[in-house]
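Below is one structure; the comments refer to it alone.
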Amino acid sequence: MTELSGKPDCCWVASAPETAFPQLAGTQECGVVIVGAGIVGLTTALSLLEAGRSVVVLEARQVGRQVTGRSSAKITAQHSLIYRDLIDTAGPDIAKAYADANRTGIAHIRERVETLRIDCDCEPKSAFTYICDPGRRDDIRAEAEAATALGFDVRVLDQAPLPFATAGALEFRDQAQFNPARYLVGLATAVQTRGGRIYEHSPAIDFDRSGRWSIGTAQGQVMADHVVVATNITVQSPVGYANRTQPRCHVVMAFRTDRPEAVDGMFISIDDPTHSIRTGRDADGPLILTLGPRFNTGQDGDVARRFRELEDWTRAHLPVGEAAWRWCNEDYDTPDRMPYVGQPDAGESPGFHVATGFNGWGISNGTAAGLTIAQEIATGSRPWGRLYQPDRPAPKDFHQNGDSQSLVDDVAQIAPGEGGVIVRGDEKIAVWRDEGGGLHAVSASCTHKGCTVTWNNADRTWDCPCHGSMFERDGNVIHGPARKPLPPREI
């Protein structure tokens, strides 16, 4: 079994209040059913309730404990070097709309934290893009010029305020950070207080439309005029997003520190390999968090190596002590760095809304997406025009499928605590060996499109190298696009 530093859990989730929303049973009626209780789903739900709509939220697991709750949780419109790129590729109008949407998202989060009195460690911080390569100073200056033209308060620095040498940085002032899991629990409480109905452990399995939408779970169904699929990648859509996006992961570690003031801000490098840094806290005190470079989901056969590399880098650069927490998180990239949000096909599937492809910047973008969908449903208009347009095309060669990285010749090659994929006849079988030597097997064919899964030797999950579905060791779905578990198999 691969030994790694830190508890295999997310510090935000571990310190969030427990939730106990019921499981859906029977039939419910509402105006809008929202699938997914992340930042998009709950922002949409609360906004629609305030607009007088009736809302049901279906969450496959628990509120705040999936992708949003495991994010780096930077409340910022500084998304690495994006504004020069958007101006050059999408035009100044779209770039301005993107800036405005994300500024609105930031302001909305701050307002919710204050008015709802959400205890989520929200605090103002500057956001910095930094370089260690002096050859990239022109990139920093070009981004500063673009950001200034779009109305941001920025400044170029010769040195990032970090305890190691850098070659420059771009600072976005008046940004913020928080505990995202606690924020989502606060939003969910407000949704329930305002009459919204939230159901946990209620994954949406069936999507049907005959006059109205019918969303089925294992124990019940919801009838609604509108459905919002806010599940990181869409688990259902009239337009296929699995091939318009690229699933990718990054590893995160949180370390104890006696010097949290050494990292005064939120930081992301643009040199390869990239690293992201911020501070936080859990029940035992302050933390410094670091994130490693992204990699395509299911296409790395040794994710544990990435944690070891991240720990080595962190200890070489930052004043940290014990590794307290470690986890992987996943997001989906798009070719033009902007999400898909809204009705992808209003003619064929009226009232069907999606939000996906946040490119690692889902806090401000996700909030803006929720506000977009809520306004689209409530008024029929979109606040930022064609920004986030959900039916825009993608290059056919953007999405890259991969192959399983876990094929073994025999189960004897699988060590305790590890997994591998064997071939038996025409079938591939995913096998995990527990610490006592017992073998556990499920089908290795992802229930989304049939790709052969890869064993994640850090999280001990089965990850799809094609479209990013993740499954627990026993085959149960962690998140889609797959909606059904990997069925059990005999060895």
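Quick notes
- Looking across the range 320-374 at every residue that is open to solvent by 10 Å² or more (accessible area, probe 1.4 Å) and among the charged types (D, E, K, R), the one that is nearest to ARG244 (Cα to Cα) is identified as ASP333.
- Checking ASN359, ASN365 one by one, the residue that is assigned to a loop (DSSP other than H, G, I, E, B) and either closer than 23 Å to ALA458 by Cβ or touching a residue at least 24 places away in the same chain (Cβ under 8 Å) (or both) is ASN359 and no other.
- Selection count, the range 456-479, where residues are within 18 Å of ALA415 (Cα to Cα) and more than 20 Å from the chain's Cα centre (by Cα): 3
- Residues within the range 271-292 that are outside any strand (DSSP E or B), surrounded by fewer than 18 Cβ atoms within 10 Å (Cβ to Cβ) and in contact with a helix residue (DSSP H, G or I) (Cβ under 9 Å, 6 or more places away or on another chain), tallied: 3
- Residues that are in contact with a Gly (Cβ under 9 Å, 6 or more places away or on another chain), open to solvent by 50 Å² or more (accessible area, probe 1.4 Å) and closer than 22 Å to LYS7 by Cβ, drawn from the range 461-491: ARG473
- Scope the range 323-353; condition assigned to a loop (DSSP other than H, G, I, E, B) and either free of Cβ contacts under 8 Å to residues at least 12 places away in the same chain or among the β-branched types (Val, Ile, Thr) (or both); matching residues: THR334, ALA346, GLY347, PRO350
- Identification of strands (runs of 3 or more DSSP E) wholly contained in the range 152-233 with 2 or more residues that are farther than 27 Å from ARG103 by Cα and under 27 Å from the mean Cα position of the chain (by Cα) yields 197-199, 206-210, 212-216, 220-229.
- Looking across ALA160, ALA167, ALA142, one residue alone is more than 24 Å from ILE109 (Cβ to Cβ), at pLDDT 95 or above and out of contact with any strand residue (DSSP E or B) (no Cβ under 6 Å at 6 or more places or on another chain). It is ALA142.
- In summary, GLN23 fulfils each of the numbered conditions (1) open to solvent by less than 40 Å² (accessible area, probe 1.4 Å); (2) outside any helix (DSSP H, G or I) with the single exception of condition (1).
- Looking across ALA99, ALA77, ALA37, ALA16, one residue alone is assigned to a helix (DSSP H, G or I) and open to solvent by less than 40 Å² (accessible area, probe 1.4 Å). It is ALA99.
- The residue list ASP139, ASP93 contains one member that is out of contact with any Pro (no Cβ under 7 Å at 6 or more places or on another chain), open to solvent by less than 70 Å² (accessible area, probe 1.4 Å) and assigned to a helix (DSSP H, G or I), which is ASP139.
- Counting the residues of the range 293-319 that are in a loop (DSSP other than H, G, I, E, B) and either surrounded by fewer than 23 Cβ atoms within 10 Å (Cβ to Cβ) or of a type in the set (Phe, Trp, Tyr) (or both) gives 8.
- Of all residues in the range 389-396, one or more are part of a loop (DSSP other than H, G, I, E, B), in contact (Cβ under 8 Å) with a residue 60 or more places away in the chain and crowded, with 19+ Cβ neighbours inside 10 Å.
The values are calculated or read from the model by the stated rules, or taken from the named source; none is laboratory data. Only a predicted model underlies this, so the values are computations on that prediction, with no experimental measurement involved. Here the Cβ is made from the backbone with ideal geometry for all residues, glycine too, and neighbour counts use every protein chain on show. Protein only, heavy atoms only, side chains kept; ligands, DNA and RNA dropped before computing areas. Shrake-Rupley method; radii C 1.70, N 1.55, O 1.52, S 1.80 Å.
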